[in-house]
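The values are calculated or read from the model by the stated rules, or taken from the named source; none is laboratory data. Worth saying up front: this structure is predicted, and the values here are computed from it rather than measured. Cβ sites come from the backbone with ideal geometry, for glycine too, and all protein chains shown count toward neighbours. Keep in mind that these areas ignore ligands, DNA and RNA; they rest on the heavy atoms of the full protein, side chains included. Shrake-Rupley method; radii C 1.70, N 1.55, O 1.52, S 1.80 Å.
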Amino acid sequence: MATYTNPWHKPHSPACGPANFETDVKPIEYRGHLIYQRLPQCFDIVVDGVCVHQRAGINGAKAAIDARVA
């Protein structure tokens with residue numbers, strides 16, 4: 001199981017999600033980042049145990065990483 005920090009978490013705002021995300025899926029490694037498909041349409045981009053972006057598709061996740069690396 002993978003656990004990583006949700007930097008958008010706010011203790012009194014459930015809409016911002018839990019303090020940590022957990023998933024059993026195997027990540028995709030791309031340009032030094034890990035991509036987890038935690039939900040059917042939610043791809044989390046993780047660096048050093050922290051979610052840095054969330055995108056709706058794998059291509060969007062890879063594009064966000066490309067922009068981050070550039």
Legend entry - Near pairs, Cβ below 6 angstrom, 6+ apart or cross-chain, from the stretch 52-65 (under 12 Å from residue 30 (Cβ atoms)) to any residue that is open to solvent by 60 Å² or more (accessible area, probe 1.4 Å): 61/55; 64/55; 65/31
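Let's see how each residue does on (1) assigned to a helix (DSSP H, G or I); (2) touching a strand residue (DSSP E or B) at 6+ places or on another chain (Cβ under 7 Å); (3) modelled with pLDDT under 95:
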position	(1), (2), (3)
25	no, yes, no
37	no, yes, no
44	no, yes, no
53	no, yes, no
59	yes, no, no
62	yes, yes, no
Inset, instruction - Might you let me know whether the stretch 22-38 holds any residue that is at negative phi and small (Gly, Ala, Ser)? - result: no
Legend entry - Those residues of the stretch 6-20 which are open to solvent by less than 60 Å² (accessible area, probe 1.4 Å) and either closer than 17 Å to residue 57 by Cα or in a strand (DSSP E or B) (or both), in sequence order: 13
Inset, instruction - Go through the stretch 2-23 residue by residue and tally those that are among the aliphatic types (A, V, I, L, M) and at pLDDT 95 or above. - result: 2
Legend entry - Set 3, 23: member being among the β-branched types (Val, Ile, Thr) and surrounded by 13 or more Cβ atoms within 10 Å (Cβ to Cβ): 23
Inset, instruction - Collect the residues in the stretch 38-70 that are in contact with a helix residue (DSSP H, G or I) (Cβ under 8 Å, 6 or more places away or on another chain) and open to solvent by 60 Å² or more (accessible area, probe 1.4 Å), keeping them in residue-number order. - result: 55
Inset, instruction - Report, by residue number, each residue of the stretch 26-37 that is in contact with a Phe, Trp or Tyr (Cβ under 6 Å, 6 or more places away or on another chain) and open to solvent by 50 Å² or more (accessible area, probe 1.4 Å). - result: 37
Inset, instruction - State whether the residues of the stretch 51-69 include one that is of a type in the set (Val, Ile, Thr) and in contact with a His (Cβ under 7 Å, 6 or more places away or on another chain). - result: yes
